[in-house]
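Worksheet for the structure shown next.
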Amino acid sequence: MFRLHLFNPWHDEALAAHSPYYTPTAAARRLEAAWGQLPLLWAGKGDCVGIFATRKGRPAKSNAVNCLADTDSPLAQLPIVAFKHLSDAFWQDVSCICPWGWDALLVHRLRKAGAPERLLPDATRLEDIRRLSSRQTTARLLPLMRSLPFPTIGHSTIATTEAQVRQAADDLAADAQGGKPGHMMGKALWSCSGRGVFSSTTALPTTSLQRIRKLLQTQGGIEIEPLYQRVADFALEFEADAEGRVHYMGLSLFHTSVRGAYTANYVAPEAYLIDLLNRKVGRDVSHEVAAAAQAAADHLTDLLDHRYSGPLGVDMMYVVPFPLSPYIINPTTMAAQARLHPCVEVNLRRTMGAVALSLRDKLSNNLLKSSQIPRDMAEMWYFCL
């Protein structure tokens with residue numbers, strides 16, 4: 001028996017669409033074709049990688065890891081199969097399917113490929129995963145995390161009507177909650193990597209209202225929060241086991257664009273990442289990160305309530321409350337003012353941070369060399385091993 005891994009980069013889109021017949025965007029399809037073999041980077045010995053995107057009946061060439069085939073890396077020995085060419089005998093040997101994330105579109109595709117129901121989540125579990133993947137989970141976890149025994153920051157409101165959006169905007173205009181006065185962030189309930197996220201003034205100009213109304217119509221709600229001044233972005237990676245317990249796996253330190261979109265991850269030992277985070281913030285925050293990891297594991301164990309198992313990540317950030325600016329204040333003042341935002345987003349799926357942890361383990365155990373990672377993929381990582 002073996003585990004079958006697959007990369008479905010359209011997962012967050014499919015959650016938002018909430019249909020097994022959704023057609024992923026062209027960008028998601030290109031990513032699937034180019035990086036279909038990405039699970040080689042976290043698959044274990046004896047596992048298998050499945051590919052949906054094919055070319056003339058054969059797995060599509062993956063720019064992400066195709067050079068491994070010409071190396072002596074153990075990863076090059078893992079089998080890669082095209083889903084539409086799988087027999088009943090193949091499925092009998094699969095112990096479990098490990099996707100990037102579970103959604104209705106993926107289940108529909110796997111059923112068409114012949115996957116038996118024993119390997120697929122039922123309708124109730126799929127609905128639980130979709131609901132828990134919403135930013136409503138972020139809004140539930142954030143106030144629990146704010147009870148950490150040191151100063152934190154963060155405020156989130158889920159609005160399901162335009163009237164509630166206007167009230168949330170008025171509340172932020174009156175009290176910015178440490179964010180930029182007169183400004184706010186709007187976030188789609190289902191989105192990823194900075195997409196579906198936009199800033200606006202609390203006056204709600206026409207362009208913002210149009211976007212808000214569309215999200216209310218298509219997703220049934222929107223998250224409203226202050227616009228914060230970021231000092232450092234990072235995430236804590238976890239694994240929810242079959243018994244429902246959530247375990248901390250490691251720190252993920254990454255870069256984002258000005259608009260908050262993910263750009264690249266560090267691949268480095270935990271101690272190096274903590275040291276780098278300390279330097280970004282301006283003081284030793286190791287005890288705060290450790291406390292946040294333990295608290296998040298405990299709270300997520302309760303919030304998920306046995307309804308999800310697999311990898312997940314919690315995005316966090318350190319921010320400096322407005323009107324202070326890290327570019328014009330001295331380091332001592334910055335260190336005193338920086339606060340942890342302990343729950344920016346909960347990603348109930350595998351994340352690039354989790355891939356960074358897998359890369360670190362394989363590089364450390366000589367199962368892979370950084371030189372074997374192609375340039376187009378290596379640009380997504382800062383290797384510090």
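What the table shows:
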{"read-out": "Strands (runs of 3 or more DSSP E) (entirely within segment 210-326) containing at least 3 residues that are modelled with pLDDT under 95", "value": "230-240, 246-256, 262-267"}
{"read-out": "Search result, residues across segment 156-190 that are touching a strand residue (DSSP E or B) at 6+ places or on another chain (Cβ under 6 Å) and part of a loop (DSSP other than H, G, I, E, B)", "value": "Ser156, Ala176, Gln177, Gly179, Gly182"}
{"read-out": "Of the criteria (1) over 14 Å from Leu348 (Cα atoms); (2) surrounded by 13 or more Cβ atoms within 10 Å (Cβ to Cβ); (3) not hydroxyl-bearing (Ser, Thr, Tyr), which one Gln136 fails", "value": "(1)"}
{"read-out": "Filter result (buried (at least 20 other Cβ atoms within 10 Å of the Cβ) and more than 22 Å from the chain's Cα centre (by Cα)) within segment 254-294", "value": "Val281, Gly282, Val285"}
{"read-out": "Test: residue in segment 185-208 that is within 29 Å of Leu304 (Cβ to Cβ), touching a Phe, Trp or Tyr at 6+ places or on another chain (Cβ under 7 Å) and either among the basic types (Lys, Arg) or loosely packed, with under 14 Cβ neighbours inside 10 Å (or both)", "value": "no"}
{"read-out": "Inter-residue pairs, beta-carbon under 6 Å, first under 22 Å from Glu127 (Cβ atoms) and in segment 8-30, second crowded, with 16+ Cβ neighbours inside 10 Å and polar (S, T, N, Q), 6+ apart", "value": "Leu15/Ser133"}
{"read-out": "Verdict on Pro9 being within 16 Å of the chain's Cα centre (by Cα) and part of a loop (DSSP other than H, G, I, E, B)", "value": "yes"}
{"read-out": "Flag if Tyr266 is touching a Cys at 6+ places or on another chain (Cβ under 8 Å) and within 30 Å of Arg360 (Cα to Cα)", "value": "yes"}
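The values are calculated or read from the model by the stated rules, or taken from the named source; none is laboratory data. Here the structure is a predicted model, which is why all the values come from computation and not from measurement. With ideal geometry, Cβ positions are generated from the backbone for all residues, glycine too; neighbour counts draw on all protein chains shown.
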